[in-house]
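Asker: Structure incoming, see below.
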Amino acid sequence: MEEALKGLIDPDVARCALVREALTHRSAGVPHNERLEYLGDAVLGLVIAEHLYRRFSGLDEGDLSRLRSHLVRKETLAAIAREIRLGESIRLGPGELKSGGFRRDTILANALEALFGAIFVVKGLDRVRASILKLFESRLAALPPTEALKDPKSRLQEWLQSRSIALPEYALLEASGQAHAQRFHIRCAIPTLGVKVSAWAESKRGAEQACAEQALRQIQERKPPA
């Protein structure tokens with residue numbers, strides 16, 4: 001455990017009970033890390049929001065929110081957890097261990113957030129801020145343009161509104177699979193432009209985003225007049 005956390009927190013903190021709790025998945029018993037994950041999520045959001053607020057004085061609330069969401073999303077947290085080999089220190093129950101839970105994005109991201117929560121409790125805000133900014137340093141230095149972070153539905157809506165075209169109509173065509181593993185088939189139509197596309201995804205939102213991406217691509221390929 002201490003090797004994975006080397007340079008992130010003090011060695012004495014790495015050995016404390018709260019850090020062990022932060023790295024214990026609920027499948028391994030109690031106490032587990034869900035309460036610390038809740039706290040760490042809030043601490044992470046605060047630290048990143050404060051940093052962006054101070055660094056980008058000219059950005060509005062929407063752009064700041066997009067940058068923050070890009071940085072604190074599950075995929076980013078899981079990538080950072082892999083970089084510091086956090087998965088090697090997570091305690092899992094036999095089932096999760098056998099299924100490779102230490103490689104799963106959700107488990108890695110949640111453990112990292114729980115670790116931030118533990119550092120906050122043990123060392124306070126200044127120390128956890130330093131740890132977070134150190135881990136996010138390269139990503140903060142290479143942030144993409146805020147326009148590139150807009151999701152497809154938002155970009156499609158803005159494109160249509162700027163041309164006074166009616167917004168797209170999304171409809172659920174089909175849902176399949178068991179409750180814990182459903183897939184959704186969504187259709188997106190823009191009658192004014194004669195656009196009609198559909199997509200499958202594991203959530204309605206995901207399918208709608210995929211539809212919007214297709215619709216945008218179709219519109220761009222047609223090169224309609226501005």
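The values are calculated or read from the model by the stated rules, or taken from the named source; none is laboratory data. Being a predicted model, the structure only gives us computed values, none of them experimental. Don't worry about glycine lacking a Cβ; one is built from the backbone with ideal geometry, like all the others, and counts go over all protein chains shown.
Asker: Against the definition (more than 30 Å from Gln214 (Cα to Cα) and touching a residue at least 40 places away in the same chain (Cβ under 8 Å)), how does Phe102 come out, yes or no? Walk me through how you get there before you give the answer.
Answerer: On the way: more than 30 Å from Gln214 (Cα to Cα): yes; touching a residue at least 40 places away in the same chain (Cβ under 8 Å): no.
When the stated conditions are applied, Phe102 does not pass them.
Asker: Would you confirm whether or not the range 158-178 contains a residue that is among the polar types (S, T, N, Q), in contact (Cβ under 8 Å) with a residue 12 or more places away in the chain and not assigned by TED's automatic domain parsing to the domain that holds Phe56? Walk me through it before giving the result.
Answerer: Quick first cut of the range 158-178, residues among the polar types (S, T, N, Q) only: 161-162, 164, 176, 178.
Now drop any that are not in contact (Cβ under 8 Å) with a residue 12 or more places away in the chain, which leaves none.
No, the conditions are met nowhere in the range 158-178.
Asker: Step by step: first the residues of the range 69-113, then only those that are at negative phi and part of a loop (DSSP other than H, G, I, E, B), then the one that is farthest from the chain's Cα centre (by Cα). Which residue is that?
Answerer: Residues of the range 69-113 at negative phi: 69-84, 86-99, 101-113.
Remaining after also requiring part of a loop (DSSP other than H, G, I, E, B): 73, 84, 90, 92-93, 99, 104.
Values: Arg73: 2, Ile84: 18, Ile90: 20, Leu92: 22, Gly93: 25, Ser99: 23, Arg104: 14 Å.
Here the answer is Gly93.
Asker: Mind checking which residues of the range 168-188 are under 24 Å from Glu147 (Cα atoms) and either surrounded by 12 or more Cβ atoms within 10 Å (Cβ to Cβ) or in contact with a Ser or Thr (Cβ under 6 Å, 6 or more places away or on another chain) (or both)? Let's see the steps before the verdict.
Answerer: Within the range 168-188, the first condition is being under 24 Å from Glu147 (Cα atoms), and the residues that meet it are 168-170, 188.
Scanning the range 168-188 gives Pro168, Tyr170, Cys188.
Asker: Looking at Ile119, Ile90, Ile84, can you tell me which residue is more than 28 Å from Tyr53 (Cβ to Cβ) and β-branched (Val, Ile, Thr)? Explain how you work it out, then say what you get.
Answerer: Values: Ile119 fails: more than 28 Å from Tyr53 (Cβ to Cβ); Ile84 fails: more than 28 Å from Tyr53 (Cβ to Cβ).
Selected residue: Ile90, the only one of Ile119, Ile90, Ile84 that is more than 28 Å from Tyr53 (Cβ to Cβ) and β-branched (Val, Ile, Thr).
Asker: Continuing with this model, one more query. Taking the condition of being part of a loop (DSSP other than H, G, I, E, B) and exposed (fewer than 15 other Cβ atoms within 10 Å of the Cβ), how many residues in the range 13-30 meet it?
Answerer: Going residue by residue through the range 13-30, those that are part of a loop (DSSP other than H, G, I, E, B) are 15-16, 23, 25, 29-30.
Still in the list and also exposed (fewer than 15 other Cβ atoms within 10 Å of the Cβ): 15, 29-30.
Adding up the residues that qualify gives 3.
Asker: On to the next question. How many residues are crowded, with 17+ Cβ neighbours inside 10 Å and closer than 14 Å to Leu160 by Cβ if we restrict to the range 189-223?
Answerer: Qualifying residue count for the region: 9.
Asker: Can I ask one more? Name the one entry in Arg155, Arg139 that is of a type outside the set (A, V, I, L, M, F, W, C), touching a Leu at 6+ places or on another chain (Cβ under 9 Å) and closer than 30 Å to Ala81 by Cα. Step through it out loud before you land on a result.
Answerer: Numbers: Arg155 fails: closer than 30 Å to Ala81 by Cα.
Being of a type outside the set (A, V, I, L, M, F, W, C), touching a Leu at 6+ places or on another chain (Cβ under 9 Å) and closer than 30 Å to Ala81 by Cα holds for just one of Arg155, Arg139, which is Arg139.
Asker: Say we look at the range 180-215 and pick out the residues that are touching a Phe, Trp or Tyr at 6+ places or on another chain (Cβ under 7 Å) and aliphatic (A, V, I, L, M); which of these is modelled with the lowest pLDDT?
Answerer: Ala201
Asker: Within the range 151-210, how many residues turn out to be in a helix (DSSP H, G or I) and of a type in the set (Phe, Trp, Tyr)?
Answerer: 1
Asker: Please list, ordered by first then second residue, the pairs with beta carbon atoms under 8 Å, 6 or more apart or interchain, first in the range 39-61 and under 12 Å from Gly117 (Cβ atoms), second of a type in the set (Asp, Glu) and not in a loop (DSSP other than H, G, I, E, B).
Answerer: Note: pairs meeting the criteria are Gly40/Glu113; Asp41/Glu113; Leu44/Glu113.
Asker: While we're here: Filtering the range 156-173 down to residues that are modelled with pLDDT under 95 and of a type in the set (D, E, K, R), which residue is farthest from the chain's Cα centre (by Cα)?
Answerer: Filtering first and then ranking leaves Arg163.
Asker: Take the conditions at pLDDT below 95, among the small types (Gly, Ala, Ser) and either surrounded by fewer than 17 Cβ atoms within 10 Å (Cβ to Cβ) or on the phi < 0 side of the Ramachandran plot (or both) and apply them to Ala226. Does it pass? Please lay out each step first, then the result.
Answerer: Values: at pLDDT below 95: yes; among the small types (Gly, Ala, Ser): yes; either surrounded by fewer than 17 Cβ atoms within 10 Å (Cβ to Cβ) or on the phi < 0 side of the Ramachandran plot (or both): yes.
For Ala226, the condition - at pLDDT below 95, among the small types (Gly, Ala, Ser) and either surrounded by fewer than 17 Cβ atoms within 10 Å (Cβ to Cβ) or on the phi < 0 side of the Ramachandran plot (or both) - is met.
Asker: A further question follows. Do the conditions hold for Arg73, that is, is it under 18 Å from Ala142 (Cα atoms) and at pLDDT below 90? Give the steps one after another, and end with the answer.
Answerer: Details: under 18 Å from Ala142 (Cα atoms): yes; at pLDDT below 90: no.
No: the conditions fail for Arg73.
Asker: Count, please, the residues in the range 90-146 that happen to be loosely packed, with under 13 Cβ neighbours inside 10 Å, under 18 Å from Leu67 (Cα atoms) and modelled with pLDDT under 90.
Answerer: Qualifying residue count, the range 90-146: 2.
Asker: Quick one: is Asp41 acidic (Asp, Glu), assigned by TED's automatic domain parsing to the domain that holds Ile132 and farther than 21 Å from Val128 by Cα?
Answerer: When the stated conditions are applied, Asp41 does not pass them.
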